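Notes for the one structure printed next.
Read-outs: derived from the displayed coordinates by stated rules, not from any lab. Remember, it's a predicted structure, so these values are computed and weren't measured experimentally. No Cβ is skipped: glycine too gets one built from the backbone with ideal geometry, and neighbour counts run over all protein chains shown.
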Amino acid sequence: MRSVPALPIAPRGSSTKCCGSVQVLYFGTYDRAYPRNAQVISALRTAGVEVLEQHRPVWERRHNWKVGFRQMMRVAGAERSLRHTGDVGGGADALIVGYPGHFDLPAAKRVARGRPVIFNPLVSLHDTVVSDRGRFRRGSTAAGIVHLVDRRAFRRADLVVADTEAHARFFCEEFGLEPGRVDVCFVGAEDRLFHPGWQPERPFHALFVGKLIPLHGLRTILEAAELAPEIAFRVVGSGQLESLLATRPANVEWVPWVEYEDLPAELQSAGCALGIFGTGAKAARVIPNKAFQALACAAALVTADTPAARELLSDGRDALLVPAGDAEALAQAVRRLAEDPSSRARIAAAGRRTYEEQAGEKTLGLRWRRVIERAIAAA
């Protein structure tokens, strides 16, 4: 896996614990159920890293990202508790602040007492709620506060771990970080859940799973479905843009929610899985959870052709990549997979191999361990 320049490795002969056992404290108000956190913790344990947790629940419930006064009071209370509660990971070599931990960095630095603090942000809050979702007007006071929270978090971390090289470059440029303070580990998927499985006899359908937000390009998916009326589309999710589904084409089925544990069965029974197709700048920098989950389940993947996607995938080999926002190209790609089962099987198998080589838990666990060891050595 390629990465931006990383922290220096300790010189030969230096005495650090990283050469033997490694213990980390996963810290903050992170959402325990969110795939990025669950997968990183699982991957680290696979790599022999002992992971302790010091957690205060704030973001767990499905709608807790609708931030208001009550939610911010919950955040403030959690931060006070994290700062003043005894450190359950007193012997830990490093702290990892999980997603979304943008408010947690001051508490983490206090608890760390000189140990390296590694930030696993997944996204910039400003990039997400202002630039992508439009929750606050760009240039407004609220948007400025969100950017300040971002900047404080990214700059206080000893090391930031981005999910793609494209995102790493953005973090460096947006928050004035030196490249050596940013490293890259793909998102991946939880191997305990997402793996190839039996596919029941079911007519071909294109499956989208995820939040209905601008990043994912729901409008493009619906337009593609209208251009390919002979193919069934299944949309699983809810969110900001679900009103678009009120006038969806007849060949689009909408399921507002399925349990996380049921997602593998959804993917294993799909003719193909749809990634993201948004045209915003953020969409070009990320590879979403759903893409890795589809690859892990050996479902043929169709997603936007972006710089981030090209870090992992090759068009026509392990996925079909189409121009972002291009409904006609998406319809053609889905139709190609529906009409050519042998091509679909070949792409699905290659996608699974790519996942195993680049984003499986064993691979990412070793990658994360090396990142942590470099941070320990540098500290």
Longest segment of the chain lacking chymotrypsin sites (Phe, Trp or Tyr not before Pro) that sit in a DSSP loop with at most 12 other Cβ atoms within 10 Å: 1-197
Pairs of alpha carbons in segment 205-358 whose separation is greater than 24 Å (percent): 23
Likely footprinting exposure, Arg113, Arg336, Arg32, fewest C-beta neighbours within 10 Å first: Arg113, Arg32, Arg336
Cα gyration tensor shape for the chain, rounded if a/c is under 1.5, else prolate or oblate: prolate
Spin-label pair Asp340/Gln23, simplified geometry with 7 Å Cα→Cβ offset, distance in nm: 5.5
Contour minus Cα-Cα distance for Ala76 and Ala349 (0.36 nm per residue): 93.6 nm
Estimated FRET transfer efficiency when R0 is 35 angstrom, pair Arg137-Thr247 (beta carbons, to 0.05): 0.80
Spin-label pair Glu50/Glu226, simplified geometry with 7 Å Cα→Cβ offset, distance in nm: 5.9
At R0 = 30 Å, FRET efficiency that the Cβ-Cβ distance of Asp315 and Glu173 yields, to 0.05: 0.65
Euclidean distance between Cα centres, segment 292-342 to segment 169-240, Å: 11
Two-site FRET efficiency, Arg192 against Val255, from Cβ-Cβ distance with R₀ of 35 Å, rounded to 0.05: 0.90
Label point distance in nm, Glu357-Ala33, each placed 7 Å from Cα along Cα→Cβ: 3.6
